[in-house]
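Step one of this worksheet: look at the structure below.
The values are calculated or read from the model by the stated rules, or taken from the named source; none is laboratory data. The structure presented is a predicted model; accordingly, all values stated were derived computationally and were not measured. Protein only, heavy atoms only, side chains kept; ligands, DNA and RNA dropped before computing areas. Shrake-Rupley method; radii C 1.70, N 1.55, O 1.52, S 1.80 Å.
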Amino acid sequence: MDKNTISELAASIRSIPDYPKPGIIFRDITTLLGNPRAFRRAVDELVQPYAGTKIDKIAGMEARGFILGGAVAHQLSSGFVPIRKKGKLPHDTVRIAYSLEYGVDEMEMHRDAVQPGEKVILVDDLIATGGTAVGATKLLRQIGAEVVGACFVIDLPDLGGRRKLEELGVVVHTLVEFSGH
């Protein structure tokens, strides 16, 4: 991806200081999603490393991962799997606890959403501390999925999430980086 594209995508992301708490800069992709050119470009760039590859499912993490993951799944002709917070899915589920920057939570997916051996890409808007993405990777592997990659619009490298995923053997693809929180 060229520097102009990176700059355009970064400029389409709103930064909100002191949210959700003082000292944090929240990276809001709703402005990117509302910009047709930036949204299309972001999806194209997320898809690019996997073009021509047989990917069975895209797993999107709640909630912005649903938006991006659905678009990526469409482009790759793959199925889509929502990974949700505990208690949101109506059928038989598998669940895992995971660490957040500010505590612990649980996520789940339908037990039959992915078959053993299926190739899956994890999609979300942002990788920060990696707790959610690591939890989702472990959840997918628990039911036999082969997690072939993870892609995010934003990487916050100072928080180390990308490294944690790579230590699990997951290839990580990101579009823009922001320093700090």
> So how do VAL134, VAL176 rank on accessible area, 1.4 Å probe, biggest first, that is with the largest at the start?
Replying inline: VAL134, VAL176
>> Let me check I have the definition right: for region 71-124, take the eigenvalues of the Cα gyration tensor, multiply each by 5, take square roots. What are those semi-axes in whole Å, largest first?
In response: 22, 15, 10
>> For a test of the definition: using alpha carbon positions, the gyration tensor, and the 1.5 limit on a/c, classify region 32-122 as rounded, prolate or oblate.
In response: oblate
> How many angstrom separate the Cα center of region 77-110 from the Cα center of region 1-54?
Replying inline: 24 Å
> Per the Cauchy relation, a quarter of the hull surface: what is the mean projected area of the convex hull of the alpha carbons in region 68-172, in nm²?
Replying inline: 6.4 nm²
> Just how much of THR30 is accessible, in Å², when a 1.4 Å probe is used and the result is rounded to the nearest 10?
Replying inline: 70 Å²
> In percent, what relative contact order does the chain have, based on Cα pairs under 8 Å that are 6 or more apart in sequence?
Replying inline: 18 percent
> What's the percent breakdown of Cα-Cα distances in the chain across 10 Å bins, shortest bin first?
Replying inline: 10, 39, 37, 13, 1
> Most fluctuating residue of HIS91, HIS74, HIS110 in a GNM of the chain with Cα springs under 10 Å: which is it?
Replying inline: HIS91
> Counting only DSSP beta bridges with both residues in region 31-143, what percent are antiparallel, rounded to the nearest 5?
Replying inline: 55 percent
>> Please report the accessible area of ILE25 (heavy atoms, 1.4 Å probe, ligands and nucleic acids excluded) in Å², nearest 10.
In response: 70 Å²
> So, how do all the Cα-to-Cα distances of region 52-97 break down into 10 Å bins, in percent, from 0 on up?
Replying inline: 28, 46, 24, 2
>> I want to verify a result. In a Gaussian network model of the chain, Cα cutoff 10 Å, which of these has the top mean-square fluctuation: GLU62, GLU106, GLU167?
In response: GLU167
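Given the -39500 (n - 2.57) contribution per DSSP H run of 4+ residues, what per-residue ellipticity at 222 nm results for the chain, rounded to the nearest 500 deg cm²/dmol?
Numbers: 6 runs with 57 residues, N = 181.
It lands at -9000 deg cm²/dmol.
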> Roughly how much of SER77 is accessible, in Å² to the nearest 10, using a 1.4 Å probe?
Replying inline: 110 Å²
> Can you list, bin by bin at 5 Å, the percent of alpha carbon pairs in region 116-181, starting at 0?
Replying inline: 4, 20, 32, 24, 12, 6, 2, 0
